[in-house]
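Structure, as structure tokens:
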Amino acid sequence: MHHFDYRDGRLYAEGIDVAKLAGDIGTPFYVYSEATLRRHISVFSNAFSDTDILVAYSVKANSNLAILRILANEGAGADVVSGGELARALKAGIPPQKIVFSGVGKTEEEMRAALEAGIYQFNVESEPELDVLDALSLKLGKQAPVAIRANPDVAAGGHDKISTGRKEDKFGVAWADARRLYAKARAMKGVLIKGLDLHIGSQISELAPFEAAFRKAADLITDLRADGCAIERLDLGGGLGIPYGAGAVPPHPDEYAKLIKRVTAPLNVQLIFEPGRMIAGNAGILVTRVIYDKKGEARRFLIVDAAMNDLIRPALYDAHHDILPVAKHAEASDVTYDVVGPVCESSDFFAKARKLPEVAPGEYVAIMSAGAYGAVQASQYNSRPLVPEVLVNGDKYALIRRRPSLEDMLSLESNPEWLD
Ligand code: LLP
């Protein structure tokens, strides 16, 4: 469910006319709907209303401070994977007691910042990381609350590049090694075991892989407790998919919750979730202007002013995003386009052989479901400025990230001043 709908043939973001917004902001730009964000976080939380949970929004999906503030205001915590994300979460007012820190390559500097902030949990992903965290905590006179991320070796439906829970993936510790590492951690003075963590992938559209992984986790908790480890929390990661308009329709959070409650009820643990896409994905669109309609020999290309550097998902994962005309014309007939950007790569496309109502140069189209892994994965490739982000709330809008000027972009570079 989202709040991007047509009224009299014009696309609206909540109460804002997207074409008018495009005139004010200039294209391309992202628009987010506050009502949609709030709705998604509450649908997720309500699915677990009778359970002890922490929803730690996965900041990597969309880390704009204004978005984080909305989620903080809804009571969400944060799952962060870098010192930068930690700083954002704290700046947005997410209490450290609701922050978990995941990632395979936490540096000592990042761990120090997290220890000093007093975060809720480190999700430790390897033995060397455990050693470093223990030593650092001791040095700082602290004790780090930890969960160990174990890799359940479950293949989860999503694209190969976003599957994380198979034994070939770099994430977590080997399942068979988990008990040994917990025993080692128990003997450490710098860490305090709190729970178990797993995350199996992203854009997962069926319950079976979740069920397989969560059942394994429940068994492991039983074993760990038998070994004498006090496990109070189970972090189940993120990964629940969203409808993109094509492909499988993922389960509703209520069904996901039902499964989880069934599997975890006997464990008596606090559940932690790290949803990202599910919260932000359908809360954002990328608005772009048609530059040319180019009739090639084999294809008709709709060349738009957004490109792969602004939204890389189609290029990187062959991802489908619905594309809608911002103004619908009753008389327009369907045309099969390749919708492409101006970047000099053949992978710079948003859709191939896509049927759309005919649009003319100067008109706008909206690339849907772009709120997660959109702006955050943007680059300045081809020296294209990062695009602005706009937040809509009812019939008001606000610029929440401005478009950098060319001077801004060039200001970090300098003539060499040689040092030896
Ligand atoms: N927790 C951990 C440890 C993760 O690695 C991720 C995502 C999440 C939570 C959130 O997963 P979500 O609920 O959003 O599925 N760039 C890719 C997605 C990469 C996901 C990486 N990890 C894409 O655009 O599809």
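Structural remarks
- Residues that are within 15 Å of the ligand (Cβ to nearest atom) and either among the hydroxyl-bearing types (Ser, Thr, Tyr) or touching a Ser or Thr at 6+ places or on another chain (Cβ under 8 Å) (or both) were ranked within the range 261-275; the one that is farthest from residue 85 (Cα to Cα) is 271.
- Lone qualifier among 142, 161, 184 - being over 20 Å from residue 269 (Cα atoms), touching a residue at least 40 places away in the same chain (Cβ under 8 Å), in the same structural domain as residue 240 (by TED's automatic domain parsing) and within 16 Å of the ligand (Cβ to nearest atom): 161
- The range 132-182: number of residues that are more than 20 Å from residue 216 (Cα to Cα), crowded, with 16+ Cβ neighbours inside 10 Å and more than 21 Å from the chain's Cα centre (by Cα): 8
Yes/no matrix, rows are residues, columns are (1) within 16 Å of the ligand (Cβ to nearest atom); (2) under 24 Å from residue 193 (Cβ atoms); (3) touching a strand residue (DSSP E or B) at 6+ places or on another chain (Cβ under 9 Å); (4) assigned by TED's automatic domain parsing to the domain that holds residue 329:
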site: 12; (1), (2), (3), (4): no, no, yes, yes
site: 20; (1), (2), (3), (4): no, no, yes, yes
site: 41; (1), (2), (3), (4): yes, no, yes, no
site: 62; (1), (2), (3), (4): yes, no, yes, no
site: 81; (1), (2), (3), (4): yes, yes, yes, no
site: 98; (1), (2), (3), (4): yes, yes, yes, no
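- For residue 26, the conditions (1) at pLDDT 95 or above; (2) not β-branched (Val, Ile, Thr); (3) not assigned by TED's automatic domain parsing to the domain that holds residue 402 are fulfilled apart from (3).
- One residue from 319, 280 being within 16 Å of the ligand (Cβ to nearest atom), buried (at least 24 other Cβ atoms within 10 Å of the Cβ) and of a type outside the set (Lys, Arg): 280
- Search result, residues across the range 207-247 that are within 14 Å of the ligand (Cβ to nearest atom) and over 19 Å from residue 81 (Cα atoms): 209, 210, 213, 241, 242, 243, 244, 247
- Residue 345 vs. criteria modelled with pLDDT under 95, surrounded by fewer than 23 Cβ atoms within 10 Å (Cβ to Cβ) and charged (D, E, K, R): no
- Spans of strands (runs of 3 or more DSSP E) in the range 1-91 with at least 3 residues over 18 Å from residue 238 (Cα atoms): 4-7, 10-13, 29-33
The values are calculated or read from the model by the stated rules, or taken from the named source; none is laboratory data. Note that this is a predicted model, so its numbers are computed, not measured. Heads up, the Cβs are rebuilt from the backbone with ideal geometry, glycines too, and the neighbour counts pull from every protein chain shown.
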